[in-house]
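Each remark here refers to the structure printed beneath this line.
The values are calculated or read from the model by the stated rules, or taken from the named source; none is laboratory data. Since this is a predicted model, take the numbers as computed values, not measurements. Glycine gets a Cβ as well: all are built from the backbone with ideal geometry, and neighbour counts include every protein chain shown.
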Amino acid sequence: MREVAPERTGWRDHELSQRHREWVFNCPAVDLDFVMAEYNHGKPVALIEYKHYSAKEPNLLHPTYRALADLADNYAPHPLPFMVVFYWPNDWYFRVIPVNEAAKAHYKHVLGQCLSEQRFVTSLYLLRKNVLDEEDREVISRLNNLTSKG
């Protein structure tokens, strides 16, 4: 019988994580860092796994990411963007790693760049609607506009 990897960080509900490991290898699951479903009017618009900037780069070919991408790609009536987003909490800037084609299309103009909080949040608003109104712009204007510590 193949063994299941032990809990690495202790950040999650340890008891459930440990108990699930007793269900052994043929019942795979993964503890993700911080998955959020972005939504609008009760309908999902994106699936995001947020990772602290110090976390290691994800292997997007791992079955975990393939399963989440499949979930996002097969959402009806259209695929959801699925991305991994690294964040820097002291200055609140973000680096987006698009996982599926829907995310690559939405973030094609900023691939590989760190985004300010203003720019990242703008991208989240635009997942929900095509045009930002004055209230949206006011909220976004109060956010950080840093993209690095430089």
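For residues that are among the charged types (D, E, K, R) and in a loop (DSSP other than H, G, I, E, B), scanning just the stretch 28-64, find the one that is surrounded by the fewest Cβ atoms within 10 Å (Cβ to Cβ).
So in the stretch 28-64, the residues among the charged types (D, E, K, R) come out as 31, 33, 38, 43, 49, 51, 56-57.
Narrowing the set further to residues that are in a loop (DSSP other than H, G, I, E, B) leaves 31, 33, 56-57.
Working: 31: 16, 33: 15, 56: 6, 57: 9.
Top of the filtered list is 56.
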- the stretch 120-150, subset in a loop (DSSP other than H, G, I, E, B) and touching a strand residue (DSSP E or B) at 6+ places or on another chain (Cβ under 9 Å), residue surrounded by the most Cβ atoms within 10 Å (Cβ to Cβ): 147
- Of all residues in the stretch 87-106 being in a loop (DSSP other than H, G, I, E, B) and modelled with pLDDT under 95, which is farthest from residue 33 (Cα to Cα)? 91
- Message: Is it the case, given these coordinates, that residue 99 is of a type in the set (A, V, I, L, M) and over 13 Å from the mean Cα position of the chain (by Cα)?
- Response: no
- Check whether at least one residue in the stretch 68-80 is closer than 28 Å to residue 139 by Cα and assigned to a strand (DSSP E or B), and report yes or no. no
